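Chemist: Just passing along the structure, written as structure tokens.
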Amino acid sequence: MKIGIVGLGYVGLPLAVAFAEAGSEVIGLDADPRKVQSLEEGHSYIGDVPDAALAPLRDRLHPTTRHADLASCHAVIICVPTPLTSSREPDLTYLLDAGTALAAVLQPGQLVALESTTYPGTTRERLAPILEESGLSAGTDFHLAFSPERIDPGRTDYTIRTTPKLVGGLTEACSERARELYETVCDEVVVVSSPEAAELSKLLENIFRSVNIAFVNELAQLCDRLGIDVWEVVDAASTKPFGFMRFDPGPGMGGHCLPIDPFYLAFKAREHDFYPEFIELAGKVNQAQPAFCVERIERALNDAGKPVKGSKILLLGVSYKAGVGDMRESPALKIAGLLRKLGGDIVYHDPHVPELAEFGLSSVELDEALRDADLAAIVTAHPHVDYGDVVSTAPLVVDFRGVTRGIDAKNLVRL
């Protein structure tokens, strides 16, 4: 098959590579000409896709900025961002633009699959009418399905091949075409009854985590008031072999799904005069967690006789999760911004993030930064960092990830 991928980011590029490795010819489209040029030169900008993976695929993976190149594809998969607006409502701009451009080159018999996370009804009510501006009818002249991405950046135990793939088509024939497509790169394809069921399943997966993370973050705040070690409590509860699933507190949620998905579902629910207070509350708790972390830094400095203003504060790790350079919705950005407003002198160390352009900062060398800092805050616990050495070198350490458990030191404060 000849496959088109629209959007070559954290989802689209690994998917394009998977199809090319399976023997398909892939047209990879992105609006950013810098990404296209990078891929043409054999260089990847995604951590999960090394340059070595691109080298053998030069004859099958064709990056482009031209939508016209999609006309010859058997299937086109849309993997564009679906962020939030400044008022925390769904922003479907990228998706609608992609649909409009695709409608101009859509061909009879093609399959269009949407992978971008969104609210139930988007595929049928928003994307289908745009594609039908081509003069073709969805479910009759072309096939349409929703198949949520399940990419977890930096993860190696579950891959595109080994992670079950959900598909929900506009018709049974649409579902069957989608199943046949994804079976070439996935060991298991699970067909659900409709695009809406697939869309909501994706939101459920992520909101489940959001709600539980919010709960344990709130528990961490309560433990702070009670003078109880939240990490000891979580460790103890995790010894129960049934009826409990471990979630750890932290500085807040980041990434392309967890901080966003609750607001997508809440938006759709309000259209039906339903107000999911439980889900919205979880989103609010997680959004507020960075402010609580700044308060803990402020108190730690105060106990040491120092104000935030003028203190040099080293942030250890600024990406949203360990082992990757993904900055989407990273809580470190909020923490850095709030500390700057208080007058803090912010520096950071992150081997995966060489620059924070919006703050005018570059990653600093760790050993020297630890010696110079008034306080080091462990925001993202990247591997290969000796946190025992961090505690012994820095005058004051605040650990938001629990990686210093087992260390007892007067200069150490844990979430």
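The values are calculated or read from the model by the stated rules, or taken from the named source; none is laboratory data. Because the structure is predicted, anything quoted here is derived from the model rather than measured. FYI the Cβ positions are ideal-geometry reconstructions off the backbone, even for glycines, and counts take in every protein chain you see. With ligands, DNA and RNA removed, areas are computed over all heavy atoms of the protein, side chains included. Shrake-Rupley method; radii C 1.70, N 1.55, O 1.52, S 1.80 Å.
Chemist: Just to be sure I understand the filter: pairs with C-beta atoms under 7 Å, separated by 6 or more residues or on different chains, first member in region 153-182 and closer than 15 Å to Val76 by Cα and among the aromatic types (Phe, Trp, Tyr), second member open to solvent by less than 60 Å² (accessible area, probe 1.4 Å) and assigned to a strand (DSSP E or B). Which pairs pass?
Modeler: Matching pairs, first to second residue: Tyr182/Lys165; Tyr182/Val167; Tyr182/Val189.
Chemist: Out of region 390-415, which residues are more than 23 Å from Val308 (Cβ to Cβ) and either crowded, with 18+ Cβ neighbours inside 10 Å or without any contact (Cβ under 8 Å) to a residue 12 or more places away in the chain (or both)?
Modeler: Applying the first criterion (more than 23 Å from Val308 (Cβ to Cβ)) to region 390-415 yields 392, 402-403, 405-408.
Passing the criteria: Gly402, Val403, Gly406, Asp408.
Chemist: Considering only residues that are of a type outside the set (Gly, Ala, Ser) and surrounded by fewer than 19 Cβ atoms within 10 Å (Cβ to Cβ), look in region 276-291 and name the one that is nearest to Gly250 (Cα to Cα).
Modeler: Applying the first criterion (of a type outside the set (Gly, Ala, Ser)) to region 276-291 yields 276-281, 284-287, 289-290.
Narrowing the set further to residues that are surrounded by fewer than 19 Cβ atoms within 10 Å (Cβ to Cβ) leaves 276-278, 280-281, 284.
On the way: Pro276: 24, Glu277: 23, Phe278: 20, Glu280: 19, Leu281: 17, Lys284: 15 Å.
Top of the filtered list is Lys284.
Chemist: Ok, one more. Here is a check on your reading of the model: is Pro331 touching a helix residue (DSSP H, G or I) at 6+ places or on another chain (Cβ under 7 Å) and within 30 Å of Gly9 (Cα to Cα)? So that I can check it myself, show each step before the final result.
Modeler: On the way: touching a helix residue (DSSP H, G or I) at 6+ places or on another chain (Cβ under 7 Å): yes; within 30 Å of Gly9 (Cα to Cα): yes.
Yes: the conditions hold for Pro331.
Chemist: A further question on this structure: Kindly evaluate Gly310 against the criterion of being open to solvent by 30 Å² or more (accessible area, probe 1.4 Å) and not in a loop (DSSP other than H, G, I, E, B). Can you show your working first?
Modeler: Details: open to solvent by 30 Å² or more (accessible area, probe 1.4 Å): yes; not in a loop (DSSP other than H, G, I, E, B): no.
No.
Chemist: Counting only residues that are out of contact with any Leu (no Cβ under 7 Å at 6 or more places or on another chain), more than 30 Å from Phe267 (Cα to Cα) and part of a helix (DSSP H, G or I), which one in region 70-102 is most open to solvent (accessible area, probe 1.4 Å)?
Modeler: Out of the qualifying residues, it is Ser72.
Chemist: Among the residues of region 311-354, what is the count of those that are in contact with a Lys or Arg (Cβ under 7 Å, 6 or more places away or on another chain) and among the aliphatic types (A, V, I, L, M)?
Modeler: Of the residues in region 311-354, 3 are in contact with a Lys or Arg (Cβ under 7 Å, 6 or more places away or on another chain) and among the aliphatic types (A, V, I, L, M).
Chemist: Scan region 23-32 for residues that are on the phi < 0 side of the Ramachandran plot and surrounded by fewer than 17 Cβ atoms within 10 Å (Cβ to Cβ) and jot them down. Spell out how you get there, then give the answer.
Modeler: So in region 23-32, the residues on the phi < 0 side of the Ramachandran plot come out as 24-32.
Answer for region 23-32, where residues must be on the phi < 0 side of the Ramachandran plot and surrounded by fewer than 17 Cβ atoms within 10 Å (Cβ to Cβ): Ala31, Asp32.
Chemist: Does Leu39 meet the test of being more than 26 Å from Leu203 (Cα to Cα), modelled with pLDDT of 95 or more and open to solvent by less than 40 Å² (accessible area, probe 1.4 Å)? Before the answer, list the steps.
Modeler: Numbers: more than 26 Å from Leu203 (Cα to Cα): yes; modelled with pLDDT of 95 or more: yes; open to solvent by less than 40 Å² (accessible area, probe 1.4 Å): yes.
Judged against the criteria, Leu39 is a match.
Chemist: Which one is nearest to Phe263 (Cα to Cα) among residues in region 54-98 that are touching a Pro at 6+ places or on another chain (Cβ under 6 Å) and of a type outside the set (D, E, K, R)? I'd like the intermediate steps shown before the answer.
Modeler: Filtering region 54-98 down to residues touching a Pro at 6+ places or on another chain (Cβ under 6 Å) leaves 65, 91, 94.
Those left that are additionally of a type outside the set (D, E, K, R): 65, 94.
On the way: Thr65: 31, Tyr94: 18 Å.
Among those residues, the one meeting the criterion is Tyr94.
Chemist: Quick one: in region 236-275, which of the residues that are aliphatic (A, V, I, L, M) and over 16 Å from the mean Cα position of the chain (by Cα) is least open to solvent (accessible area, probe 1.4 Å)? Give the derivation first.
Modeler: The initial filter retains those residues of region 236-275 that are aliphatic (A, V, I, L, M), namely 236-237, 245, 253, 258, 260, 265-266, 269.
From the residues that got through so far, the ones that are over 16 Å from the mean Cα position of the chain (by Cα) too are 236-237, 245, 265-266, 269.
Working: Ala236: 59, Ala237: 36, Met245: 116, Leu265: 34, Ala266: 1, Ala269: 17 Å².
Ranking the qualifying residues of region 236-275, first place goes to Ala266.
Chemist: May I pose another question? Name the pairs whose Cβ atoms lie under 6 Å apart, with the first residue in region 257-275 and assigned to a loop (DSSP other than H, G, I, E, B), the second crowded, with 20+ Cβ neighbours inside 10 Å, and 6 or more positions between them or separate chains?
Modeler: Listed pairs, sorted by first residue: Cys257/Thr117; Cys257/Asn206; Leu258/Asn206; Leu258/Ser210; Pro259/Met253; Pro259/Glu329.
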